1. For the stretch A:82-161, give me every one of the strands (runs of 3 or more DSSP E) that falls completely inside it and has 2 or more residues that are facing chain B (nearest Cβ under 10 Å) and touching an Asp or Glu at 6+ places or on another chain (Cβ under 6 Å).
2. Please state which one of B:127, B:97 is of a type in the set (D, E, K, R) and under 19 Å from the mean Cα position of the chain (by Cα).
3. Somewhere in the stretch A:372-383, is a residue open to solvent by less than 70 Å² (accessible area, probe 1.4 Å), within 14 Å of chain B (Cβ to nearest Cβ) and polar (S, T, N, Q)?
4. Does residue B:109 satisfy the condition of being in contact (Cβ under 8 Å) with a residue 24 or more places away in the chain, more than 9 Å from every other protein chain (Cβ to nearest Cβ) and surrounded by fewer than 22 Cβ atoms within 10 Å (Cβ to Cβ)?
5. Filter the stretch B:251-270 for residues that are within 11 Å of chain A (Cβ to nearest Cβ) and either open to solvent by 30 Å² or more (accessible area, probe 1.4 Å) or not hydrophobic (A, V, I, L, M, F, W, C) (or both); which is farthest from residue B:294 (Cα to Cα)?
6. Could you grab me the full set of residues in the stretch B:168-197 that are of a type in the set (A, V, I, L, M, F, W, C), more than 10 Å from chain A (Cβ to nearest Cβ) and farther than 17 Å from residue B:353 by Cα?
7. Could you tell me which residue of the stretch B:126-152 is nearest to residue B:50 (Cα to Cα), considering only residues that are outside any helix (DSSP H, G or I) and open to solvent by 10 Å² or more (accessible area, probe 1.4 Å)?
8. Taking the stretch B:72-89, which residues are buried (at least 19 other Cβ atoms within 10 Å of the Cβ) and among the aliphatic types (A, V, I, L, M)?
Amino acid sequence: MKRFIIYLWSAQIITALLMSSSFADINTSHDDDSLTLSVITRYSELLHKRGWTTRIDGNTLKAFQFAADYNEINVVISSHRKNTLSTFDVEIRKNEKRNHHIFTFHNNTPEHREKAKTAITAYLISHTISPESATASKSPHFVWFSAGYSRTHDNSEIFPENKRGGYFLSMNYTYDPSRLTGIDRVHLGFADYMTIDMWAVFDNDPQNRNYVNENFFNFDIIFYGTHRQAGTIRNGFRLVYGFYTGMEYFRPGWKDNILLWSHDLYREQPHIQYMIWRAAGWGFSGNWYTPYGLYSLVFMAGLGPSINSSLFAIGWGPNEELARSPLFQSLTGSKQNFYYSTAYPVSLYVAADRLWRFRLSIGYNFCFFLSSDPAIKGEEAYDILHVIKPSAGFYAAENVLVQLNYERWHVHSMLNGDHLSHSWNRLCMELKYIIR
Amino acid sequence: MINARYYPMKGMIRKITLSILAILLYFSNSFAEEASRYSIALFDATAGFSILRDLRDDGFFNSLSTQLRYLASNQEISLTSGTITLTSSLTGSGGTETANFALLGIDGGNHHYRISWQLERGSGITEDALLRMLNLAINSGSHTITDAFLEGIASQSDVHAFTVSYASGESESTITGYTATIEIGPSPRHYFWRTTAELVVLNSFGLINYFINKDANMVDWEYQPNWEGFKRKITDGWCLDTNNFRTNSLYHIYAGIIYYQTARSNNYGPLASFIWSFAGSTFWEYIGEYREQVSTNDQIFTPMGGVIFGEGLRQLGLYAERSMRPGILRGFVCFVLDPMRIVNRQLDRWIGDAFTFNVSFINPAHSIITEAIVERTR
């Protein structure tokens, strides 16, 4: 009996609590929270159809879209319930442009849920499809340009000869929208990350016009990768890794008739030229932010078809050309210094940036070219390229870097068991302007 | 008789296009099932402008499987559940005539609505716009028209503006109407044929250049320009060619870039554009250089260079357009980086059009009277 009375009292207390106005007027209810989630989910599905990536976290939604730019939407919905009315405070921020609206709905009718869902979703969509905010406020494009003076010395002595040099122009473009998301892990699809590097040297000596006018470009595009990010700009890291495809090209001259065998200088001067399609490559780019500077590591390895020169196709007289390997004979009439190969390029780059106002870096490029012309039997060739590139720079201003680069190139060629090696040097002073 | 001035297409092409549009509509979103629940009343309010009757006579509404009624000028417009009333009228004169359309109906939430839009007389998107609005009205049968908009049109990338208005005050928030702008560009079929035509034209330019430098190219000629020669070319297969380094590593890649950017600017994605780039290269190797053996290295470097450089330069071009001030320099930079985007964007502007439609929720009693008065006094 005593136990029965206790149960009765308990039941009375719970009933009283449920019926009291203080309990009924609590600020939010499970029903409204569930409605908020349902609105956000529906909005998220619509954004997906329009090409956005979304992340839902409770009553908030973050969406971003790359598509050659970076657009971001942040939505926060908070609900408040009083008696039979529920209010929803909806805030949408698209590319920093903020819009805000308070919706009120009756919560005691069966239709209110659908009505609220439609009205709030329509509001959110109206601020998503708005042409005036088509331009994103955050730019995912990172560019620098540089200009300077470059000298190449065609033998292994460490300092370039004074009289051979040219004006140097260079640019780097990186499309990197995922770093703006602020999200710890983002999947990257085709072209969600890409880098373009190019440089060229233009001769300043009229006597040697077109001599050692090196030109280079490298395009890399991610086709499946991951972005990771944690911490802050003062103490954090940011990584991008995944599978890339890309093309790399280097040539020590532009015109065929200057570069190739008909020209005395290039007939005599050892050189390398190549064009590689890195059909499949794996790349890693890491940045570590510390109070003492920014540290970077970039690595790329891959393989793919290529065309490249050999030291064995240099120094031939017109009569000796007929004695070339069939690897080169296949190009009879064209007088070319290249053979078809499979290339295995590897590159590594390490930098310490913003150490007070200094930047120090060192890069290493390696490539193994192995002849692979199926039509030529019994002839074998390979070339190995090493380039080591230390550099030191000083920030004259926030976006202006004065830098001195040194490059040591080494090529080792093999043709049917014979070996040849050659090294040369390049020194470059440049003024780099960084656009963020 | 179809008013020839109104329609940009005539005869068989027009009938085929309408049939295709109707078939597409029939198979979309269980549309036929929804449509069969409706009857559609058509009313041309302006004498001498019988666009809806012409469309009916042309079979435009046949695929909807609905009861169709054409209202004479002395018949009453009535708004009942299960009926969509479609009206047309003409305003303006001379070269500035505007065709006005309105759709009246009741959605699944029992809201009386009016969808209205205007187009220039003779606009090429008249049928497209009509189909989209009918689709919207019919899909609203099982829920509200706003839901039909959100689930259907709002997720499409060609919707470029959308504003919604709410009743304000302390009472419940309700949508009183909304406006959206849809840009109707060329159809996928149009893009397909335009890409094909542009690749043929680009290859023709290449061929002209090839024959200007005929003496240099003759060294690679192996086949007679006849059917026997072509058969030999097919059976000989592919080989690594003997062209110089610059041709192989720069010119072919540039061709790939242009092929890729042509497809990309015709609304194709990266993968499809790569396939187009490969197709462009194959066309060149088999048809352009018809007297030479097909080059394996060209078939690799042209499309792959197209994807890698083409996509990179395209994004660089978009960046330049976004960050530089409008002017000759910006135009020049964008053209250099992605010429086909500039060309095709201009073509899209000439071909495409946009229309803005307005949805308003109306008082049932008021709506019929207003509509009748407004339309008949035009």
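The values are calculated or read from the model by the stated rules, or taken from the named source; none is laboratory data. In this text, all values refer to a predicted model and were calculated from it rather than measured experimentally. Using ideal geometry, Cβ is built from the backbone for each residue, glycine included, and neighbour counts are taken over all protein chains shown. Just the protein is used for accessible areas: all its heavy atoms, side chains included, with ligands, DNA and RNA removed. Shrake-Rupley method; radii C 1.70, N 1.55, O 1.52, S 1.80 Å.
1. A:97-106
2. B:127
3. yes
4. It is false that residue B:109 is in contact (Cβ under 8 Å) with a residue 24 or more places away in the chain, more than 9 Å from every other protein chain (Cβ to nearest Cβ) and surrounded by fewer than 22 Cβ atoms within 10 Å (Cβ to Cβ).
5. B:269
6. Result: B:192, B:193, B:197.
7. B:141
8. B:77, B:79, B:84, B:86
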